[in-house]
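Notes follow once the structure below has been shown.
Nothing in this text is a laboratory measurement; each read-out follows from the coordinates by a stated rule. Just so you know, these numbers come straight off a predicted model, no measurement behind them. Every residue, glycine as well, gets a Cβ built from its backbone with ideal geometry; the counts of neighbours run over all protein chains shown.
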Amino acid sequence: MSANETKLAGDVRASFIGCGVMAEAIVAGLLREEMLSPDRIFASHPREERRRELAERYGIHVSADNRETAAAAGDSFVFLCVKPQRLGRVLEEIKDSVSPATTVVSIVAGATIRKIGESLAGENVIRVMPNTPSQIGAGMCVWTASPEVPAENRDAVKTMLRALGKELYVETENMIDMATSLSATGPTFTFMVMEALTDAGVHLGFSREVAKELVQETMLGSVKFAMESHKHPAELRNMVTSPGGTSAEAIYQMEKGGLRTVLSKAAYAAYRRAVELGKK
Ligand SMILES: NC(=O)c1ccc[n+]([C@@H]2O[C@H](COP(=O)([O-])OP(=O)(O)OC[C@H]3O[C@@H](n4cnc5c(N)ncnc54)[C@H](OP(=O)(O)O)[C@@H]3O)[C@@H](O)[C@H]2O)c1
């Protein structure tokens with residue numbers, strides 16, 4: 001990342017409502033890339049033990065009070081990072097502590113810009129859909145903003161998201177629900193394939209350690225190869241499919257088992273669920 005990309009205005013503050021796994025990933029990224037100093041980061045959490053852990057690990061301000069944490073952001077950024085089922089209560093709680101000038105950044109699956117805007121009496125809302133590899137700076141964040149978000153605040157959020165890996169701005173909110181299925185739920189698909197292949201290796205007779213290493217390195221190498229070669233996956237697959245060979249036999253079994261259909265159905269089901277969560 002260039003020095004320009006890591007620059008945030010000196011008066012930026014960020015408050016995190018609900019500092020669990022994803023909020024911690026953002027906090028850690030902001031500090032790692034030196035985008036914000038710890039004294040400009042505020043986090044609320046209901047559990048004392050978790051607050052102590054966050055304060056000790058990052059030196060940020062912590063509080064049990066969501067209102068106090070939201071107000072500490074001033075006109076800067078309030079990140080909503082609670083689970084979808086807790087959002088309604090949290091919005092009700094903080095509504096008088098968030099000024100209309102504050103940019104509210106929600107990572108909550110399904111929660112629409114309209115719902116958040118109406119609950120907080122402000123239209124200044126950004127929706128982000130991160131994923132778990134954000135925890136190691138290898139994330140994919142898809143985001144969009146309401147027209148009311150000032151250009152400099154969009155730029156600031158874009159900069160902050162780069163601390164987590166790649167970011168992609170999309171024009172329509174429906175694409176956030178689509179991304180919830182593909183990039184946010186995506187690691188689940190990958191981990192399940194990883195687990196199934198490792199188990200298959202153990203079934204063949206490898207130790208779990210060896211099977212795990214073979215599968216992980218093969219998946220990592222295949223993704224890098226696909227990205228660097230810019231070839232269509234079918235072309236890469238054909239390159240290793242000799243007539244009557246092992247890949248041809250494995251492909252036959254995967255097609256027979258409906259692998260593509262299962263993946264397609266899973267992605268569509270995750271999308272429908274994201275839309276459903278937004279209606280609740
Ligand atoms: N994980 C992902 O891959 C992913 C990807 C994209 C988007 N998201 C979205 O990100 C959001 C957070 O997910 P997460 O995985 O970080 O979940 P998480 O680890 O459970 O974080 C949520 C945190 O909020 C705390 N909390 C509960 N009630 C609260 C309240 N009233 N006020 C303040 N904090 C409260 C929880 O405390 P306890 O631990 O005590 O319950 C928990 O630590 C979700 O809305 C999810 O849809 C997650």
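Return the residue satisfying two criteria in turn: it lies in segment 45-59 and is near the ligand (Cβ under 10 Å from one of its atoms) and without any contact (Cβ under 8 Å) to a residue 12 or more places away in the chain, and of such residues it is farthest from A70 (Cα to Cα).
Ranking the qualifying residues of segment 45-59, first place goes to E49.
Take the residues of segment 7-27 that are in a loop (DSSP other than H, G, I, E, B) and not small (G, A, S): which is surrounded by the most Cβ atoms within 10 Å (Cβ to Cβ)? Lay out the reasoning, then the answer.
Pass one, segment 7-27, residues in a loop (DSSP other than H, G, I, E, B): 7-13, 18-20.
Filter once more, keeping what is not small (G, A, S): 7-8, 11-13, 19.
Values: K7: 12, L8: 22, D11: 9, V12: 20, R13: 19, C19: 29.
The residue in question is C19.
Go through segment 147-164 and give me each residue that's surrounded by fewer than 18 Cβ atoms within 10 Å (Cβ to Cβ) and in a helix (DSSP H, G or I).
Correct list: A151, E152, R154, D155, K158.
Among all residue pairs at least 6 apart or on different chains, which show Cβ distances below 8 Å where the first residue, located in segment 208-237, is over 16 Å from I251 (Cβ atoms) and the second is among the aromatic types (F, W, Y)?
If the second residue must be among the aromatic types (F, W, Y), the pairs left are L214/F206.
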